[in-house]
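**Student:** Dropping the structure in here first, questions after.
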Amino acid sequence: MAILDFIKKQFIDIIEWTDDSRDTLSFRFPDEDKEIKRGAQLIVRESQVAQFLYLGQFGDTYGPGKYDLVTDNIPILSDLKGWKYGLESPFKADVYYVVTRVFTGNKWGTANPIMMRDQDFGIVRLRAYGIFDFKIVDPKLFLKEVAGTDDHFRLDEFGDTMRSRIVSVFSEALAQSKIPALDVAARYGELGEALRPLINPQMISKYGIEIESFIVENVSVPAEVEQAIDKRSSMAAVGNLNDYVKFQLAQGLGAQGAQGGGAGLAGVGAEMAVGMAMAQQMMNQPGGIMGAQATPGVAGPAAVPPPASTPDLMTPAQVAEVLGVAESDVVASLDSGDLKGKKIGSQWRVTKTAVDQFLHS
């Protein structure tokens, strides 16, 4: 009896594995140096695949089900072992269980910006991140290229590597798609679905992994490009630059009037009059902020010139103080030629007449 118990302990009767984790990709059945006896049962559950290896070579692959390991059920292994009379004796082989369910909610992201050509910005750097779902579709290739001989291969062992490979393929696919950076934000869902067919061929052929879902959550450009986009959007909303500067001047004058400041063109009343006149002019002229109106508005009082107390020749800072706007707005108008001035050395100088002409232009 003792001998029978000893012999029984040397052979494997049942091969099965239940996954009690949510992150295992592959698992090698622990044979404890035992041999598999003839007629042993192999149990493979749903979302599993059992892969036999014999002397480093892939043998038979089993999907979900229950199998009796006899010669007829393991033809590849029988051929590899070269049994002359079939499987009549115990044998040794490694059995790997590969999990084939979908692994969801995996994060990906670009560690460094992606350099790409864009039709709007030329060469631009993009950062992106999102999530993806995947599953193993080729157990042999996965074991060969990814898991190797690891007896318990988990997702965290492959997470960083997989993310880097995903990003590498994503970068190439995004460049091939030629989607403008300005359109990316409005097409996240479409972008993910469009990129998946480009990513999957490489992932399947290289690693035996298929991306089930690829979601782009955000694509961003560098801060300086964001500022350029904001400025471009502002210009598109405003329209004519000259009108925009006038609008800012009117706004500055209105703010002075609300605060009760006496400094300015000629007191609060004159400031409000100038603001109303400018606003009316901008509302009515073609190409302005609002464009031509169907019904003409009531014309406001005419703008008044700078008071006589102002110097004949002013710096941009003095012009800005008189008009109640930022100095940078005055310099921008001088650079564009909307406000006439002279450069003495490296400094702009503006006459009262030029300011008056600018306000009435």
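The values are calculated or read from the model by the stated rules, or taken from the named source; none is laboratory data. Because the structure is a prediction, the values reported are computed rather than measured. Ideal geometry is used to build each Cβ from the backbone, glycine not excepted, and the neighbour counts take in all protein chains shown. Areas reflect the complete protein model, heavy atoms only, side chains present, ligands, DNA and RNA absent. Shrake-Rupley method; radii C 1.70, N 1.55, O 1.52, S 1.80 Å.
**Student:** Under the condition of being open to solvent by less than 80 Å² (accessible area, probe 1.4 Å) and within 24 Å of the chain's Cα centre (by Cα), which residue from region 147-162 is nearest to residue 22 (Cα to Cα)?
**Tutor:** Filtering region 147-162 for residues that are open to solvent by less than 80 Å² (accessible area, probe 1.4 Å) and within 24 Å of the chain's Cα centre (by Cα), the one nearest to residue 22 (Cα to Cα) comes out as 155.
**Student:** With the requirement that a residue be part of a loop (DSSP other than H, G, I, E, B) and open to solvent by less than 20 Å² (accessible area, probe 1.4 Å), what does region 102-116 give you? It would help to see each step written out before you state the result.
**Tutor:** Residues of region 102-116 that are part of a loop (DSSP other than H, G, I, E, B), as a first pass: 102, 110-113.
Answer for region 102-116, where residues must be part of a loop (DSSP other than H, G, I, E, B) and open to solvent by less than 20 Å² (accessible area, probe 1.4 Å): just 110.
**Student:** Within region 27-44, is even one residue in contact with a helix residue (DSSP H, G or I) (Cβ under 6 Å, 6 or more places away or on another chain), in contact (Cβ under 8 Å) with a residue 40 or more places away in the chain and part of a strand (DSSP E or B)? Talk me through it step by step, then tell me what you get.
**Tutor:** As a first pass, look at region 27-44 and keep what is in contact with a helix residue (DSSP H, G or I) (Cβ under 6 Å, 6 or more places away or on another chain): none.
Among the residues of region 27-44, not one is in contact with a helix residue (DSSP H, G or I) (Cβ under 6 Å, 6 or more places away or on another chain), in contact (Cβ under 8 Å) with a residue 40 or more places away in the chain and part of a strand (DSSP E or B), which makes the answer no.
**Student:** Test residue 14 against the criterion of being over 23 Å from residue 149 (Cβ atoms) and at pLDDT below 90, and give yes or no.
**Tutor:** Working: over 23 Å from residue 149 (Cβ atoms): yes; at pLDDT below 90: no.
In short, no.
**Student:** Additional query: Assess whether residue 326 counts as being open to solvent by 30 Å² or more (accessible area, probe 1.4 Å), at pLDDT 80 or above and not acidic (Asp, Glu). Spell out how you get there, then give the answer.
**Tutor:** Working: open to solvent by 30 Å² or more (accessible area, probe 1.4 Å): yes; at pLDDT 80 or above: yes; not acidic (Asp, Glu): yes.
Considered against the rule, which asks whether it is open to solvent by 30 Å² or more (accessible area, probe 1.4 Å), at pLDDT 80 or above and not acidic (Asp, Glu), residue 326 comes out as yes.
**Student:** Quick check: is even one residue across region 117-129 at pLDDT 90 or above, in a strand (DSSP E or B), open to solvent by less than 80 Å² (accessible area, probe 1.4 Å) and under 21 Å from residue 178 (Cβ atoms)?
**Tutor:** No, the conditions are met nowhere in region 117-129.
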